[in-house]
Amino acid sequence: MTVGGAQAPGPRPSLDSELTWLLHRAAQHMHNATGDQAGKHGLALREYIVLSALHKTPGLTQGELGRALSLDKSTLMSRLDRLELKSLVVRRNAPGDRRLRMPEITARGEILRAAVAEASAAAEASVLDGFSPDDVASLRRMLFAVIGDSEDRGSCL
């Protein structure tokens, strides 16, 4: 970035940067691209991610959803409250234990989630436009090998 014709101060990634730095910057870039798409549809990125999680794994209790997304209780509750106010999510009592609440994506929420997913996929494709389909598949395999399928203490948000 330039400021008044001069290079802005601060660290910039390069090919010899630490892998962690490059992954962080790539994640920020994709986060921003996806967040922009969610915003165009009236959602915060975290709200879209909650809707996506409910779509992919229905039947979770609020506690299970919070653990799956690595969100603390208050952050998750505020997101669910906002989604519920927009009629995108409903919360029901869990069968067999009325103390537990199970958020469910509504039909309206599913339509909006699908629209944001389509727009986000297009944004991701645009970011990766210079790569072949084989390169993108290799990147996905490598990233999955790094993160695996185990639970992670870090938040995806």
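The values are calculated or read from the model by the stated rules, or taken from the named source; none is laboratory data. Please read these numbers as outputs of a predicted model, since none were measured by experiment. For neighbour counting, all protein chains shown are included, and Cβ atoms are generated from backbone atoms with ideal geometry for every residue, glycine included. Please note that ligands, DNA and RNA were not included when accessible areas were found on the heavy atoms of the full protein model with its side chains. Shrake-Rupley method; radii C 1.70, N 1.55, O 1.52, S 1.80 Å.
Would you mind checking the tilt of helix 45-56 against the longest principal axis of the Cα atoms of the chain, expressed as 0 to 90 degrees and rounded to 10?
60
Count the net charge of all other residues whose Cβ sits under 13 Å from the Cβ of VAL136, scoring Lys and Arg as +1 and Asp and Glu as -1.
-2
Normalised by the number of residues in the chain, what is the relative contact order in percent for Cα pairs under 8 Å and 6+ residues apart?
It rounds to 25 percent for the chain.
Please compute the net charge surrounding VAL127, taking Lys and Arg as +1 and Asp and Glu as -1 over other residues with Cβ under 13 Å from its Cβ.
-3
For LYS40, go through the aspartates and glutamates and keep the ones whose alpha-carbon is under 18 Å away, minus same-chain ones fewer than eight residues off.
GLU110, GLU118, GLU124
Highest GNM mean-square fluctuation, the chain, Cα pairs closer than 10 Å: which of ARG91, ARG141, ARG113?
ARG141
Where does helix 19-40 land angle-wise versus the long Cα axis of the chain, in degrees 0 to 90, nearest 10?
For helix 19-40, the angle is close to 60 degrees.
Add -39500 (n - 2.57) for each DSSP H run of 4 or more in the chain, then divide by its residues: what number comes out at 222 nm, to the nearest 500 deg cm²/dmol?
Value at 222 nm, helices only: -19000 deg cm²/dmol.
For the chain, modelled as a GNM with alpha-carbon contacts under 10 angstrom, which of VAL136, VAL90, VAL50 fluctuates the most?
Maximum fluctuation in the GNM of the chain, among the listed residues, is at VAL136.
Could you point to the label whose value was computed as P(r) over Cα pairs in 5 Å bins from 0, in percent for the structure here, given (i) 2, 8, 14, 14, 12, 12, 11, 9, 7, 5, 3, 2, 1, 0, 0; (ii) 2, 8, 11, 10, 9, 9, 9, 8, 7, 7, 6, 5, 4, 2, 1, 1, 0, 0; (iii) 1, 8, 14, 17, 18, 15, 11, 8, 5, 2, 1, 0, 0, 0?
Given (i) 2, 8, 14, 14, 12, 12, 11, 9, 7, 5, 3, 2, 1, 0, 0; (ii) 2, 8, 11, 10, 9, 9, 9, 8, 7, 7, 6, 5, 4, 2, 1, 1, 0, 0; (iii) 1, 8, 14, 17, 18, 15, 11, 8, 5, 2, 1, 0, 0, 0, the structure-derived one carries the label (iii).
Can you sort ASP135, ASP129 by 1.4 Å-probe accessible area, starting with the largest?
ASP129, ASP135
For the range 66-148, go through all pairs of different Cα atoms, get the mean of 1/r, take its inverse, and jot down that Kirkwood value in Å.
15.8
Could you work out how much longer the chain between SER74 and HIS55 gets when fully extended? Use 0.36 nm per residue separation minus the Cα distance between them, nm to one decimal.
My answer for the length gained is 4.7 nm.
Could you give the angle, 0 to 90 degrees to the nearest 10, between helix 133-147's Cα long axis and the longest principal axis of the Cα atoms of the chain?
For helix 133-147, the angle is close to 60 degrees.
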